[in-house]
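Participant: Mind looking over this structure? Questions follow.
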Amino acid sequence: MSCEELKRAVERVLERIDEMEVLLNAILDELRELRSGARAEAGARAPGSLIGELREKLFLPVSEVRSKGALKRALERGLLVVLRDEGANREVAVLKEAARRLLSRLPMSAEDAERLSEREYELLQILNRLGYVLLRGGQYVKTSLAEEFYT
């Protein structure tokens, strides 16, 4: 295993440990809320983890995030970013890894972009409106702003 491969493997392990810490803190937050009687509804469904939900849905409106503490911790750890989408008048939380996956597929023709899943296409449009991605000559290309997702 080369030095670079080892470095990437260690970075992935450290990122996964950070994700697990965020998940555990979200569970602790939920337990505290349950103990304090904050949930009056009997049999209320326990929410899934923020990271897991973001992996599944690619992005979430901040208003739908159940645990603001988990959101804050994930932001502090650099696992996600909150994007203010003025075009749709909303703020969305996006995992950096999800944005990187989408950005790694660029440049992409507008026709290929239309074949993306609905959520991927919507994320691409958000990134486009915010200047992380540009539609130039029928091709979506990432801009230097997109480096934010790689740090």
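Participant: Amide H neighbours of V133 under 5 Å, at least 5 residues apart or on other chains, H built in the peptide plane: list them.
Facilitator: N128, T143
Participant: Tell me, what HN-Hα J-couplings in whole Hz come from the Karplus equation 6.51 cos²θ - 1.76 cosθ + 1.60 at θ = phi - 60° for each residue of region 109-120, using x for Gly and Pro?
Facilitator: For region 109-120, the Karplus-derived couplings read 5, 4, 5, 5, 4, 5, 8, 5, 4, 4, 5, 5 Hz, x marking Gly and Pro.
Participant: Enter the angle in degrees (range 0 to 90, nearest 10) between the Cα long axis of helix 3-35 and the first principal axis of the Cα atoms of the chain, meaning the one along which they spread out most.
Facilitator: Long axis of 3-35 versus the principal axis of the chain: about 40 degrees.
Participant: Could you give the dipole magnitude of the chain about its Cα centre, charging the beta-carbon of Lys and Arg +1 and that of Asp and Glu -1, in debye to the nearest 20?
Facilitator: Here the size comes out at about 200 debye.
Participant: Something else now. Relative to the longest principal axis of the C-alpha atoms of the chain, give the angle of the C-alpha long axis of helix 68-77, reported between 0 and 90° and rounded to the nearest 10°.
Facilitator: The two axes meet at around 50 degrees.
Participant: Per residue of region 88-95, in order, report the coupling 6.51 cos²θ - 1.76 cosθ + 1.60 (Karplus, θ = phi - 60°) as ³J(HN,Hα) in whole Hz, putting x for Gly and Pro.
Facilitator: Karplus-based 3J(HN,Hα) across region 88-95 equals 9, 6, 7, 10, 10, 9, 9, 5 Hz.
Participant: Whose amide H sits under 5 Å from the amide H of R90, counting only residues 5 or more places off or on another chain, with H placed in the peptide plane?
Facilitator: D85
Participant: I want the local charge near R77. Using Cβ-Cβ distances under 11 Å, sum +1 for each Lys or Arg and -1 for each Asp or Glu among the other residues.
Facilitator: -2
Participant: Specify whether the C-alpha gyration tensor of the chain places it in the rounded, prolate or oblate class, a ≥ b ≥ c being the square roots of the eigenvalues: rounded for a/c under 1.5, otherwise prolate if a/b is larger than b/c and oblate if not.
Facilitator: Oblate, since a/c reaches 1.5 and b/c is not below a/b.
Participant: Then there is this: For V13 and N128 in one chain, what is 0.36 nm times their gap in residues minus the Cα-Cα distance, to one decimal in nm?
Facilitator: Fully extending the segment from V13 to N128 adds 38.3 nm.
Values in this text are rule-based calculations from the coordinates and carry no lab data. Note that the structure is a prediction, hence the values are computed from the model and not measured. Counting neighbours? That spans all protein chains shown, and the Cβs are built from the backbone with ideal geometry, glycine included.
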